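**Q** Please see the structure below; I have some questions.
Throughout, read-outs are computed from the coordinates displayed, never taken from laboratory work. Bear in mind that the values here come from a model prediction, so they are computed numbers and not experimental data. For neighbour counting, all protein chains shown are included, and Cβ atoms are generated from backbone atoms with ideal geometry for every residue, glycine included.
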């Protein structure tokens, strides 16, 4: 309901639409404030000063105040990232180029994002809050739905969504916890990762005759393996006879033991020791 109200307000109030210069100006001003002070110390007054507008103007564009502005910042930055990814993926001539180009583009933009860098260092709980549980699912779904059609030129749509989700998880992981051993902003290192681990895995799954829909999501819910076929064992209630899986020598020893036991019982009965 709030989304409908916001849309109606934007339609009635000039300069409050999603693409209006005033709205973009306020969002960019918020990003500059976040890069200096983070979310806890950034106020509406700070944003208004940075944007060069009045406090009243900020509230006309964002009636919900600071929380609505922060939400708009996240949505806008995601849209900008996807727009850049769309250009790189659309220019790719093969799957390798698409994966490498997409990972490098996303990783570079995240690395050079001043506001995100400040939050990761000073307010990690804020960043992790958007990358856990429902927020994480929303981000992965958005990334998969946007980029999967570009990869579907070389694989099935369901598989393209799985590959995109995996790549997104990798990019986010290295963005939050950088490694000296892997720099995804380096095209050569990213190409090595893709050609060494990603593409061979996809090819081997296809070569093995697996179905078109392949689940290669690293953190997906594991499926329980099928129950093994029932086996009969010597003396079990199922078999009633020695297993045919026994080694010949084992079967021979079992037969000799049975005969010896039968002979002993017959001797005992003849002496009256058994009924």
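**Q** Over segment 58-133, what is the relative contact order in whole percent, taking alpha-carbon pairs under 8 Å and six or more residues apart?
**A** 16
**Q** What list do you get for 20, 107, 204 if you sort them by fewest beta carbons within 10 Å?
**A** By the 10 Å Cβ count, ascending: 204, 20, 107.
**Q** If you don't mind, there's one more thing I want to ask. How many angstrom separate the Cα center of segment 112-187 from the Cα center of segment 38-76?
**A** 26
**Q** Oh, and also: Return 26, 69 ranked ascending by Cβ neighbour count within 10 Å, so the fewest neighbours appear first.
**A** The most exposed by this proxy come first: 69, 26.
**Q** Which whole-number percentage describes the relative contact order of segment 16-107, with Cα contacts under 8 Å and a sequence gap of 6 or more?
**A** 22
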